[in-house]
Amino acid sequence: MVGADKTLTVAMTGVTAGLGRATVPLLARRGVRLVLLARNLDKAKAVAADARKAGSPQVEVVECDLSLMASVRQAVVELAARNVGVDVIVNDAAMVTSTRQVTVEGNELMLATNYLGPCLLSRLILDGLPEGSPVRLVSVGGPLEAKPDLTDLDCAESFSLKVAFERSKTALNLFTAAVPSHVGAAVQSAIYSPGLMRTGLSATIAGAMNRLAGGLAGHVLPEPAGLADGLARLVLDTDLDGARPGTLFNSHGKASPMPLADDVGLQEALWKATSARLGLE
């Protein structure tokens, strides 16, 4: 557990719906200080009010649209202005689109929201911490093997919902695994793999694979509330000492290797390409 001798501060995205929304009160009941990063401030403020009632000693709400790198950078500036130190970063937010969309900054929307934004947010927060600070990085992902196409990260040449989504999430997996080797040994990283759940995102993904599955998703998949405890444990309690960076943990806490964990060349190439794209060293 990171920082066991003090009150933890957890910065988290995806807090206004689904798994993130269900996890916030669990963290609050443990007395965690929360930084809720969200695009919709009204929804985030409602979540913050519930977190305070649940026991969080301090809740910060910071506007952050992960699809826009300018918004991500401004959010980190705001954190610094409020003198907020972070012990745990949770990348939970994700989105899916049935058609290819491009942001005003020129990035494919799923790539930006699911990978570039979380990557930039995590790296800027980590860069702003004192050297050697113990930090835990947890990304919500899964056992994905859809290798990002480094020559076409935005899926401009060919686009499908399933491929673009899985590539963006695989990229986040690879980033999460690579962080400790680039930032420092004090950073522990892991991936929470809850599987599909009863959310609009999961229903859309299931429908893209099979129309019948999409229709059934709202009836047979587990509720996010039933999977939130697994994420909360990974954020706070799971002992990561000795675990390989980027190890997958399911909702029961069982660990398994991340697909592509041994493809260090892909991890390094993606890190380099992303750094150049985001203007990071």
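The values are calculated or read from the model by the stated rules, or taken from the named source; none is laboratory data. As the structure is a prediction and not an experimental result, all values here were calculated from the model. Don't worry about glycine lacking a Cβ; one is built from the backbone with ideal geometry, like all the others, and counts go over all protein chains shown. The protein model used for the area step is the full one, side chains on, heavy atoms only, and it has no ligands, DNA or RNA in it. Shrake-Rupley method; radii C 1.70, N 1.55, O 1.52, S 1.80 Å.
Here, P(r) means the percent of Cα pairs in each 10 Å bin from 0 to the largest distance; for region 26-184 it is 10, 37, 35, 16, 2. Of the accessible area of region 104-159, computed with a 1.4 Å probe over protein heavy atoms only, carbon and sulfur atoms account for 50 percent.
With Kirkwood's inverse mean 1/r over C-alpha pairs for Rh, give me the Rg to Rh ratio of the chain, two decimals please. Could you put the intermediate results ahead of the total?
Numbers: Rg = 17.4 Å, Rh = 18.7 Å.
Computed over Cα atoms, the ratio is 0.93.
Students often check this: by mean Cβ neighbours within 10 Å, which of 238-247, 168-177 ranks highest, and how do the rest follow?
Values: 238-247: 15.3, 168-177: 25.9.
Descending packing order for the listed peptides: 168-177, 238-247.
Where a Cα-Cα gap under 27 Å defines reach, which lysines qualify for Lys45, not counting those fewer than 8 residues away within the same chain? Cross-link targets: Lys6, Lys53.
At most 10 other Cβ atoms within 10 Å and a DSSP loop assignment: could you name the trypsin sites (Lys or Arg not before Pro) in region 234-281 that fit? Don't skip to the answer; put the middle values down first.
Working: sites: Lys254, Lys272, Arg277; in loops: Lys254.
Passing both the DSSP loop test and the Cβ count: Lys254.
For the peptides 112-121, 65-74, the ranking by mean Cβ contacts within 10 Å, running from highest to lowest, is 112-121, 65-74. Would you mind telling me the share, in percent, of accessible area of region 1-90 contributed by carbon and sulfur at probe 1.4 angstrom? Of the solvent-accessible surface of region 1-90, carbon and sulfur hold 46 percent.
What accessible area per residue, rounded to a whole number of Å², is obtained for the chain using a probe radius of 1.4 Å? Write down the numbers at each step before the final one.
Numbers: 12250 Å² over 281 residues.
Using a 1.4 Å probe on heavy atoms only, each residue of the chain averages 44 Å².
Panel note: the C-alpha atoms of region 69-163, placed on their principal axes, show extents of 43, 31, 22 Å (largest first). In the chain, helical runs assigned H by DSSP with n ≥ 4 each contribute -39500 (n - 2.57); averaged across all residues and rounded to the nearest 500, the mean residue ellipticity at 222 nm is -13000 deg cm²/dmol.
Taking a straight line from the alpha carbon of Lys162, these lysines sit under 19 Å away, with near neighbours fewer than eight places off in the same chain left out: Lys147. Expressed in Å, the radius of gyration and Dmax of the Cα atoms of region 1-113 are 14.5, 48. For region 72-177, a simple Cβ point-charge model (Lys and Arg +1, Asp and Glu -1, everything else neutral) yields a dipole of about 180 debye relative to the Cα centre.
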